[in-house]
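Here's the structure we're looking at; comments come further down.
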Amino acid sequence: MGKKGFTLWLTGLSGAGKTTLAVLLATELGTRGVNVEVLDGDEVRTNLSKGLGFSKEDRDTNIRRIGYVCRLLCRNGVSAISAAISPYRDVRDEVRRAIERDGAEFIEVFVKCPVAVLAERDVKGLYKKALAGEIVRFTGVSDPYEEPLSPGIVVQTDQETVDTSVRIIIQELERRRLIPEVDTNRLRTEALSLCAAMEG
């Protein structure tokens, strides 16, 4: 079937910036000719995992479904970016093993941001409700989140700009030779040539 895709697995607490990073990464990868799909946790729950609750069993089932779709995409030469909390280490590792058994790369990206900072941002008001006991089984407050022990990449969205976090991830993908590097000198030369032609 040709070259396999790879899976970028963005894990972290709600509001840490996983979806924003996933969308920006997909755009950047697209400009480099990489076929890529984003699997957003909220969208998956609305469609593929509709009806599942938030028990550990249901959360694990949701993550296994996302992992299976990632496997199918990778098999067919499409890279996958998963942006889901995926709070439990055991099922993340299970998905990693399944994808790697297929001969594709799995890169776990820990999108790190402290609960205190997330509670301050709290655009949707979810942390405030969870801390007040109005939402039960809320990851990071009343339900556990197991941080990756040895993630492939760590970005700290409380300390970095979004652009910096994207650049860190892209540089690691380049280092692993999963995506083509951009020749910045060539791009600058082409831009200067275009400017000169327009002025002429």
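Observations on the structure shown:
- Partners for residue 128 among aspartates and glutamates (Cα-Cα distance below 19 Å; same-chain residues under 8 apart left out): 120, 143, 158
- Per-residue ³J(HN,Hα) for segment 171-181, Karplus 6.51 cos²θ - 1.76 cosθ + 1.60, θ = phi - 60°, Hz, x for Gly and Pro: 5, 5, 5, 5, 4, 7, 6, 8, 9, x, 6
- Candidates 147, 172, 134, ranked by Gaussian network fluctuation over the chain, Cα under 10 Å, top entry: 134
- The chain - percent relative contact order, Cα under 8 Å, separation 6 or more: 29
- Computed about its Cα centre, the charge dipole of the chain is approximately 480 debye, with only Lys, Arg, Asp and Glu carrying charge at their Cβ.
- Most fluctuating residue given options 99, 170, 135, as computed from a GNM of the chain linking Cα atoms under 10 Å: 135
- Candidate aspartates and glutamates - alpha carbon under 20 Å from residue 3, same-chain residues fewer than 8 apart omitted: 28, 37, 100, 102, 105, 172, 174, 181
- Cα-based reach from residue 129 at 24 Å (exclusive), listing lysines while leaving out same-chain residues under 8 positions away: 18, 50, 56, 112
- Just checking the listed ones, 105, 57, 94: in the Gaussian network model of the chain with Cα springs under 10 Å, the one fluctuating most is 57.
- Two-site label geometry, residue 150 and residue 31: point separation in nm, points 7 Å out along Cα→Cβ: 3.4
- For residue 175 and residue 116, a Förster radius of 41 Å and the Cβ-Cβ distance give a FRET efficiency of 0.80, rounded to the nearest 0.05.
- Scattering profile of the chain at q = 0.13, 0.14 Å⁻¹ [log10 I(q)/I(0), Debye over alpha-carbon scatterers]: -0.73, -0.82
Rule-based calculations on the coordinates, nothing more; no lab input. As the structure is a computational prediction, the values presented were derived from the model and not from experiment. Neighbour counts run over all protein chains shown; Cβ positions are idealised from the backbone, glycine included.
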